[in-house]
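Down below is the structure, laid out as structure tokens.
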Amino acid sequence: MKYDSILKVIRERFGAKEGEFVPLHAPTFAGNEKKYLEECIDTTFVSSVGAFVDRFEKDMAEFTGAKRAVVCVNGTNALHIALLLAGVKRGDEVLTQSLSFIATCNAISYIGAHPVFIDVDMDTMGLSPKALRDWLKVHSYKDEAGELRNRKTDRRIKAVVPMHTFGHPCRIDEIADICREYGLELVEDAAESIGSYYKGQHTGTFGKIGAISFNGNKTITTGGGGMLLFNDEKLADEAKHLTTQAKLPSRWEFIHDEVGYNYRMPNINAALGCAQLEQIDRFLESKRKTAEVYKRFFADGPEGVKFMEEPEGSRSNYWLNAIMLPSREERDEFLQFSNDNGVMTRPVWELMWRLPMFEDCERDSQTNTIELADRLVNLPSSVVSSE
Ligand SMILES: *Cc1c(COP(=O)(O)O)cnc(C)c1O
């Protein structure tokens, strides 16, 4: 098969013999994970109170350069809280990309808001500032109250949610400029992009709020978990309040001043997070090495197969490496061949407007989105734990 050489380079990189299964992204536990978990059990602080939660928030703020970080139970509800704090209300519209994991649109839907799908750029695979501007120019107007509205639906357009696809930063500074110009809130779905920087600044810190995920398949994991990033202290305090049942501080009374959420990450998950974050530099280095191996191979590899490199001006965590096959048919052929031969590869997610819940949502031409969805495949990208 003409793609034999790809499987060979993958097996070599991950030290897998012929017939041994290579997963897409497996977690690595090689530091203080056990020690910190034992500490939780020995002290009985396994749940909603504990020192690891506070430490993980501090460590994450320091690592990303955000002013504050607030834990959540997972990335999906981090996005939910982020949208609530950005002021998104029932009936509003939120501009986002349909090339994303379902969580982005689910979070918008929990509020009763409507996603509108804007095209992505071919190189970043993330929301295209040009497509965003084009859509806004044609489809939006300011009403007398100064609210931005959709000409067709007359709904208020409140926020933009770009996603840093597979860890590659999108053109977030241009998107931030457009948001400022139009008075839109910017919420970054940085679920996949811990350790990714755009022009030296960590992803998730460009807008009002950023959301990160620590699911088991992400670059570092807490089992399940998420984190909100803020540059605004007051907003971070509100997030803390909202994610802890909106309970007012008191020594023994149970007073809550609004409908809140039980979205706080338990201490055992945060313990895992602290231990994982201690190793992130090494993880990122190993992932870059893998990307380098792929890049070199595909520079001279099977004809028509393109490796998706980190976009100019950015430093990607290369969470999931991706290649672009010449056509959907060849993509399917490669998926079949690699998965039949014990190497796990995956296409991108089904585009959101092809799912029944979002088929009626507004969208632009989606030219690049469709092209990428037809041709992209993710390759194994785990940290090589011996490194
Ligand atoms: C992983 C992910 C999330 C959040 O996922 P959780 O599993 O809830 O932590 C959100 N958006 C994208 C794009 C993701 O890849």
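The table that follows gives values for the structure above.
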| item | result |
| --- | --- |
| Test: residue in the stretch 160-171 that is of a type outside the set (Lys, Arg), part of a loop (DSSP other than H, G, I, E, B) and touching a His at 6+ places or on another chain (Cβ under 9 Å) | yes |
| Some residue of the stretch 171-188 being touching a residue at least 12 places away in the same chain (Cβ under 8 Å) and under 23 Å from residue 380 (Cβ atoms) | no |
| Residues that are under 11 Å from residue 205 (Cα atoms), under 17 Å from the mean Cα position of the chain (by Cα) and not small (Gly, Ala, Ser), drawn from the stretch 55-72 | 64 |
| Failed item in (1) buried (at least 19 other Cβ atoms within 10 Å of the Cβ); (2) in contact with a Lys or Arg (Cβ under 9 Å, 6 or more places away or on another chain); (3) free of Cβ contacts under 8 Å to residues at least 40 places away in the same chain, with residue 203 passing the rest | (2) |
| All positions within the stretch 290-304 that are closer than 19 Å to residue 165 by Cα, touching a residue at least 24 places away in the same chain (Cβ under 8 Å) and not aromatic (Phe, Trp, Tyr) | 290, 291 |
| Number of the condition not met by residue 296 [criteria: (1) over 30 Å from residue 159 (Cα atoms); (2) outside any helix (DSSP H, G or I); (3) not β-branched (Val, Ile, Thr)] | (2) |
| Qualifying residue in the stretch 61-70 (condition: surrounded by 14 or more Cβ atoms within 10 Å (Cβ to Cβ) and either aromatic (Phe, Trp, Tyr) or closer than 30 Å to residue 334 by Cα (or both)) | yes |
| Verdict on residue 223 being surrounded by fewer than 17 Cβ atoms within 10 Å (Cβ to Cβ) and at positive phi | yes |
| Residue in the stretch 317-325 that is buried (at least 20 other Cβ atoms within 10 Å of the Cβ), at positive phi and touching a residue at least 24 places away in the same chain (Cβ under 8 Å) present | yes |
| Residue among 287, 247 that alone is of a type in the set (Lys, Arg) and under 20 Å from residue 380 (Cα atoms) | 287 |
| Residue check for residue 50: touching a helix residue (DSSP H, G or I) at 6+ places or on another chain (Cβ under 6 Å) and surrounded by fewer than 19 Cβ atoms within 10 Å (Cβ to Cβ) | no |
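A quick yes/no check of all residues on (1) in a helix (DSSP H, G or I); (2) crowded, with 16+ Cβ neighbours inside 10 Å:
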| position | (1), (2) |
| --- | --- |
| 350 | no, no |
| 357 | yes, no |
| 361 | no, yes |
| 372 | yes, yes |
| 382 | no, yes |
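Rundown of residues vs (1) among the hydroxyl-bearing types (Ser, Thr, Tyr); (2) surrounded by fewer than 24 Cβ atoms within 10 Å (Cβ to Cβ); (3) within 24 Å of residue 191 (Cβ to Cβ), yes/no style:
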{"site": "232", "(1), (2), (3)": "no, yes, yes"}
{"site": "237", "(1), (2), (3)": "no, yes, yes"}
{"site": "241", "(1), (2), (3)": "no, yes, yes"}
{"site": "244", "(1), (2), (3)": "yes, yes, yes"}
{"site": "253", "(1), (2), (3)": "no, yes, no"}
{"site": "262", "(1), (2), (3)": "no, yes, yes"}
{"site": "265", "(1), (2), (3)": "no, no, yes"}
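Each reported figure results from applying straightforward, stated rules to the coordinates on display, with no laboratory input. As the structure is a computational prediction, the values presented were derived from the model and not from experiment. Neighbour counts are summed over all protein chains in view; Cβ atoms, including those assigned to glycine, are modelled from backbone coordinates with ideal geometry.
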